[in-house]
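Reviewing the structure listed below.
Nothing in this text is a laboratory measurement; each read-out follows from the coordinates by a stated rule. Fair warning: this is a prediction, and the values are worked out from it, not measured in the lab. Positions of Cβ are generated from backbone atoms using ideal geometry, with glycine treated the same way; all protein chains shown enter the neighbour counts.
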Amino acid sequence: MESREDSFISKEKKSTMKKEKQAIASQKNRRRVIKNRGNGKRLIASLSQRKRRRIPRGRGNEKAVFAPSSLPNDVVEEIFLRLPVKAIIQLKSLSKQWRSTIESRSFEERHLKIVERSRVDFPQVMVMSEEYSLKGSKGNQPRPDTDIGFSTVCLESASILSSTLITFPQGFQHRIYASESCDGLFCIHSLKTQAIYVVNPATRWFRQLPPARFQILMQKLYPTQDIWIDIKPVVCYTAFVKANDYKLVWLYNSDASNPNLGVTKCEVFDFRANAWRYLTCTPSYRIFPDQVPAATNGSIYWFTEPYNGEIKVVALDTHTETFRVLPKINPAIASSDPDHIDMCTLDNGLCMSKRESDTLVQEIWRLKSSEDSWEKVYTIDLLSCSSSSLSEFRDGFNWTRKELLEPCTPVAICKDKKILLSHRYARNMIKYDPQIKSISLVYQRPLCRRYASYFQSLISHI
């Protein structure tokens, strides 16, 4: 007969073996998570196999209840973190626990870090366009456009990954301005109305913000459509950045009638206080109005209007909220006509470009981290491209027209070093190969208003 001591040892061995089996199973599950990265459909199918049980609710009345997968919570989270945003949102409806996990800020931040790393291998571009409704306007009044289309395009294959239409409460009167992407979010606003929103196209979440003082002022000064036609250029674009918190920054030229007030004003939106505030110290140079500010490495950059025949670059440190003037700017940029130059962010670096009016050759320089020197990184020569490659574009825009002063805007760099280009007057996006000097059509949308480098995120409710 087995002694009590032998029985105790036998139970302890069984308990140890059970723990070892659980540990091995957990390791296998983790390996399965890593192995199945990027295979969202298979993972969802696996997770959706739930146990069904019956809970009696009285004689002849039973209710079916579904229980989520019995995988350990940490393994489930690791799986969720590697799924596309659309799939994650669908999983929220399957379990209260899953919903709580997915909607937590810590989960959003962890997911953000993963998609930021993956953008190198799977670069994407967001296309924002107006979507006209089929109904006409009443009383010959301009129809307030409220529908904006968002299409995510794969940079390598030029295929459309997702499309969504978002209807906003207040329209834009066909004067839409959009910021660069910040953690998958965009700021969209208008100067003809007081509409301004922060939106996440992937989750369809948006937040309407109170209008900036600049928007209110513009409405008072230019209340009608006729006055808007004759309006002088103003700084229309905001910068959307993240320092310790998310910030909207709007730097614009002030009224020159009172020099004591300074030549520029800067408004910053505080998401916690839900209010705009002024920065007290602003640049002593007027900002070139017709430009999109570039943001990278904790700073926002703007071109100034020519001062004594020279263009300068002012920068705002988003953490300290202090302005500075870059010590050196490329001489070719500094002495240019402001209409011939452009500024953008490529591969997390500040880039500037200039288009020569006679040859149409556009050269792109990148600012080094020391902010005291520049290096030429790309040359765009559209005139050398074959005429057959140019003939496929049907939006009526001529990319090689010599009267065209403004340069192309680089949107992103592909893995094969091809350059994705847009233009403020074009409704299509092209890909330029600097090696063989050829271009190809990537995307075309009749009412496109913005192309921007992008990745999906879960960040919402800021």
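The label point for GLU406 and the one for LYS96, both projected 7 Å from the Cα toward the Cβ, are 5.4 nm apart. What the Cβ-Cβ distance of TYR425 and CYS154 gives, at R0 = 41 Å and to the nearest 0.05, is a FRET efficiency of 0.95.
What the Cβ-Cβ distance of VAL325 and ALA275 gives, at R0 = 45 Å and to the nearest 0.05, is a FRET efficiency of 0.95. Calculate, in whole percent, how much of the Cα-Cα pair population of the stretch 124-454 lies beyond 32 Å. Pairs farther apart than 32 Å: 29 percent.
THR167 to VAL120: FRET efficiency via 1/(1 + (r/R0)^6), r the Cβ-Cβ distance, R0 22 Å, to the nearest 0.05?
Details: r = 34 Å, r/R0 = 1.54.
Plugging the Cβ-Cβ distance into 1/(1 + (r/R0)^6) gives 0.05.
Judged by the mean number of other Cβ atoms found within 10 Å, the most tightly packed of the peptides 150-156, 277-283 leads the ranking 150-156, 277-283. Extension gain for ARG207-GLU103 works out to 35.8 nm (0.36 nm per residue, less the C-alpha to C-alpha distance).
If the limit is 32 Å between Cα atoms, which of LYS242/LYS328; LYS265/LYS437; LYS328/LYS415; LYS113/LYS220 go over it? Exceeds cut-off: LYS265/LYS437; LYS113/LYS220.
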